[in-house]
Amino acid sequence: MYKILLLTSSLFFTITVFAGKLTGIIADDKGKPLAYASILVKENGRGTTANQEGRYLLDLNAGDYTIVVRYVGYAKQEQKVHIGNDDVHLDFKLQPQQLQLKDVVVSSNREDPAYAIIRHAIKKREEYRIALDSFTCEAYIKTFIKTRALPRKIFGQKIDSADWKQMGVDSTGKGIIYLSESLTKIAYKKPDKIKLEVISGRESGTSGYGFNFPTFIDFYSNNIQVLGGQMAPRGYVCPIADGALNFYKYHFLGSYFEDGREINRIQVIPRRKYEPLFSGTIEITEGDWRIHSLDLVLTKESQLEILDTLEIRQIHSPVTKNIWRTKDQVIYFTFKKFGIDAVGNFLNVFNNYNVTPTFKKKYFNNIIVKFDTAVNKKTIAYWDSIRPVPLEVEEIKDYKVKDSIYHYQHDSSYTKHFMDSLRHMQGKISVMNILWNGFTRSNYNPANYHSVQWQPLLKLVQYNTVEGLALNAEATFTHGFLTQKRELSFTPHVRYGFSNGHLNAWGTLSYHNRSDWPGMENNISDDASSFRVNNFSLSGGKHISQFNKDEPISPLFNSIYTLFFNHNYMKIYENYFAQLNYNGESQTGLKYAAQLLYEDRIPLENTTDFAIIKYDEQKFTPNYPYEKIDSQFTRHQAVIAKLSLEYQPGQKFAQFPDFRVPLGSKYPTFTLAYEKGIYNILGSDVDFDKWNFSIADDMNFKLAGALSYRIDVGGFLNDRSVFIQDYRHFNGNQIIFASKYLNSFQVAPYYANSTTASFYATLHAEHHFNGLLTNKIPLLKKLKWNLVAGTNAFYVDQDNNYFEVFAGFENIFKLFRVDVVGSYLNGNNGQMAVRIGLGGLFGGKMRFD
């Protein structure tokens, strides 16, 4: 009851604190609405932004006010207004800004006056960037995406009418597909402490939190990151960066006066195409040389990825006599690919700046984004009371329609019917589902959830010289205890080899206990140690394993090379096994894992030499690591215990009402692993101790590209009884398809250098130039192929070492990467080879199986 009274009184206060509403339309001199024009109340510094139709709304106490309206390219206009008990309507018609050219003559022998202004701005840039020791403000954020055309198929997948309707798209493919708004409090303190408190968030048609992170774009920084750097990891050169004169040309368009201050408008022109550069206009104040406003554009010729165009408009305003901050910012974008034609914008309105805040002790911690526990539970009345930008007609309709559908679907009277319809939509299981597509079936019962997932048979078919044709069948049965936040799954697997006639069957029972599932918000605190993820699994049966558990060659590629090139690179053995795994994560950045394994290891021999294409000079090799051992291993047993810890210092998090999400760190990731072969338990024949320590990181040098590296050191403390399966293997590769980057050696042999030495070291490093250098070559810059180069190496001793260097291109069709690799093995020339892998905008997030 107390909570209800508190909520009611707070809503009453919110609604009644203002005496009247001020509304109106902002248009140009011809009556055309000026979308997202900036509105400021001169007396108190509060502000808002017009919507796309030029409409604005302000809630004000009774009194007299001066309303200031600004729009890039138009003269500022002020009007006085009296607010009483009634609503007031006040329209604005802005005139195009009349620019005055300075009394100079610009000729081929004389520098454009814009350059002198830009030089002054560059000198003042750092001063303005660090002008504030700390500040707080509030940001209203609205995200809007709509389609202008949508195909019926995308990548061969049909989009049926029900999906169109759910997305909010009409029969012509037009409609709003995403709409959200949020209110976020921002706190900052030098040098780099930041905290975002998301007070409220709303997403049309869902219970989601909306897009809550302000798209802070600081044009006093040398390098500008747009939308988190996803569109261009190198970032973009700021027009007033320290070295901007090397990248841009400038043209003085004229100046005008505003509040007695002269404002210079300058056209920004990239010196070269296909460089990470803006074009457009920037306005600089005379004398103090600060940014007044800007309208800058990125296109494909700016190395913009995914999107076709992106436009940034900012208006800066004084928050004190000498401090200016961004008042509002709009990012427009267009996307036209794969038959999809979409447009959208990210609107940020910043208000209530406090440049002398005080913070509680330990206010800034490793939680940099914190969501209010009621973030997505605000009423429509609340949103109507705090929203600084009026909704447009289509936005009102989108909220009304989609929210009504959402609430209807989650109403208890509808739930059974809705669940039945979802089950019915799953359709019947067809032969095609069993053989090629696979399928998932669920009962959609939140109180007693269970599902089954089937892996398609044909995609699991393999071929090797031991089993010949090998058929696999795999399914996963899952039962969810949602009220207890637990999930139990069982995955049986059956495999049959037609040549050796061996049947293998094994299964894995997994148990997940997660404290980040809905309903756990009462257990979440600012202490990140309160968050835990714990997973257990128990596996057992009889199956096939590669000698190197990292599986350096995939069964698919081994099948291709065996059938068409007579190379049986994959070496396997059979084993009866039982394995217990535990892994957990405390989002202080610490991950931990433990494993106990029993194996009865059985050698296997080749049973077939069939190949589709036969080469007389090429014979199949024995089914064991013949490069390292002279004959097949003898059957033996092994009991092995493994422990590992992984930690990334400085980990930051976003704390949602129900769970936490890691956001990364500027520091490397450290991993320590220990493995113990336990002798004479359950007949175990192994006796060894080995360790490994690694450091890995991804470092973004912006314009200079990005460096990824991994360094490992380790060795055997005890090697009294070590079988080939337990050696330290260096992941080699002998096929044209690249193996895992930063974890393998692209032209090294698979087992020749495996070791039980007391010490070894490995290095993997690659630099992604992300357009650097290649944007100077006409064909490559048009294709947007990017240079990548690096090295892989390991060292055991002077007789066992390896070194390779590589260079190539990535982002080929946004998916592929091709490298030329040269190697040195044990101090001698190795081989030169080409490797084809996945790399680039999309390919970098995928891998070959």
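The values are calculated or read from the model by the stated rules, or taken from the named source; none is laboratory data. No experiment lies behind these values; they were computed from the predicted model shown. Because the Cβ atoms are built from the backbone with ideal geometry, glycine has one as well, and the counts that use them run over all protein chains shown. Quick note on the areas: whole protein, heavy atoms, side chains included, nothing else; ligands and nucleic acids left out. Shrake-Rupley method; radii C 1.70, N 1.55, O 1.52, S 1.80 Å.
Key figures for this structure:
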{"read-out": "Globularity index of segment 714-849, i.e. its alpha-carbon radius of gyration over 2.2 N^0.38 Å", "value": "1.19"}
{"read-out": "Solvent exposure ordering (accessible area, 1.4 Å, most first) of Ile368, Ile117", "value": "Ile368, Ile117"}
{"read-out": "Amide hydrogen neighbours beyond the local backbone of Tyr178, cut-off 5 Å, H modeled", "value": "Ile145"}
{"read-out": "Value in Å of the Kirkwood radius, where the chain supplies the Cα pairs that are averaged", "value": "31.6"}
{"read-out": "Listed residues Gly732, Tyr363, Leu391: farthest to the positive end of the dipole of the chain (Cβ charges)", "value": "Leu391"}
{"read-out": "Three-way shape label, segment 201-300, alpha-carbon gyration tensor, a/c 1.5", "value": "oblate"}
{"read-out": "Dipole in debye (nearest 20) - the chain, about Cα centre, beta carbon charges: Lys, Arg +1; Asp, Glu -1", "value": "1300"}
{"read-out": "Rounded FRET efficiency, nearest 0.05, which uses the C-beta distance separating Val393 from Ser161 and R0 of 22 Å", "value": "0.35"}
{"read-out": "From phi via Karplus (6.51, -1.76, 1.60), per-residue ³J(HN,Hα) for segment 830-839 in Hz, x at Gly/Pro", "value": "x, 9, 9, 8, 9, 10, 10, x, 9, x"}
{"read-out": "Label zone at Ile613 (point 7 Å along Cα-to-Cβ), backbone N below 17 Å, segment 724-742", "value": "735-737"}
{"read-out": "Percent RCO, i.e. relative contact order, over the chain, from Cα pairs under 8 Å lying at least 6 residues apart", "value": "7"}
{"read-out": "Student exercise, segment 217-341 dipole from Lys, Arg, Asp, Glu Cβ charges, in Debye to nearest 20", "value": "280"}
{"read-out": "Rounded accessible area of Phe806 (nearest 10 Å², 1.4 Å probe)", "value": "20"}
{"read-out": "Surface per residue (accessible, 1.4 Å probe) for the chain, Å²", "value": "48"}
{"read-out": "From phi via Karplus (6.51, -1.76, 1.60), per-residue ³J(HN,Hα) for segment 241-253 in Hz, x at Gly/Pro", "value": "5, 4, x, 4, 5, 7, 10, 10, 10, 10, 9, 6, 8"}
{"read-out": "Kirkwood Rh and Cα Rg combined as Rg over Rh, evaluated for segment 349-435", "value": "1.19"}
{"read-out": "Charge dipole (the chain, unit charges on Cβ, about Cα centre) - positive-most of Gln632, Ile711, Gly438", "value": "Gly438"}
{"read-out": "Asp658 accessible area, 1.4 Å probe, all protein chains in place, Å² to nearest 10", "value": "30"}
{"read-out": "Paramagnetic reach from Asp698 in segment 803-818 [backbone N under 19 Å; point 7 Å along Cα→Cβ]", "value": "809-812, 814-818"}
{"read-out": "Relative contact order [Cα under 8 Å, 6+ residues apart], segment 614-680, whole percent", "value": "33"}
{"read-out": "Overall form of segment 278-351 per C-alpha gyration tensor (a/c, 1.5; a/b vs b/c)", "value": "oblate"}
{"read-out": "Segment 178-228 pair-distance distribution - Cα-Cα, 10 Å bins, rounded %", "value": "23, 42, 28, 8"}
{"read-out": "For Arg148, residues with placed amide H under 5 Å, excluding near neighbours", "value": "Asp341, Ala342, Val343"}
{"read-out": "Label zone at Gln455 (point 7 Å along Cα-to-Cβ), backbone N below 14 Å, segment 805-849", "value": "849"}
{"read-out": "Per-peptide average of other Cβ atoms within 10 Å, ordering 434-445, 767-778 highest first", "value": "767-778, 434-445"}
{"read-out": "Relative contact order of segment 556-682, pairs being alpha-carbon contacts under 8 Å that are 6 or more residues apart, as %", "value": "25"}
{"read-out": "Ranked packing of 350-359, 288-297, most packed first, by mean Cβ within 10 Å", "value": "288-297, 350-359"}
{"read-out": "Carbon and sulfur %, accessible surface of the chain computed with the full protein complex present, 1.4 Å", "value": "58"}
{"read-out": "Helix-derived mean residue ellipticity, 222 nm - over the chain, DSSP H n ≥ 4, -39500 (n - 2.57), to 500", "value": "-3500 deg cm²/dmol"}
{"read-out": "Simple Cβ-charge dipole of segment 202-281, Lys/Arg +1 and Asp/Glu -1, about Cα centre, in debye nearest 20", "value": "380"}
{"read-out": "Cα gyration tensor category, rounded, prolate or oblate, for segment 642-733 with a/c compared to 1.5", "value": "oblate"}
{"read-out": "Residue-wise HN-Hα coupling along segment 750-757, computed from phi with Karplus coefficients 6.51, -1.76, 1.60 (Hz; x: Gly, Pro)", "value": "6, 10, 4, 9, 4, 8, 10, 5"}
{"read-out": "Rg ratio (alpha-carbon, reference 2.2 N^0.38 Å) - segment 692-741", "value": "1.68"}
{"read-out": "Cα centroid of segment 548-621 to Cα centroid of segment 227-253, whole Å", "value": "49"}
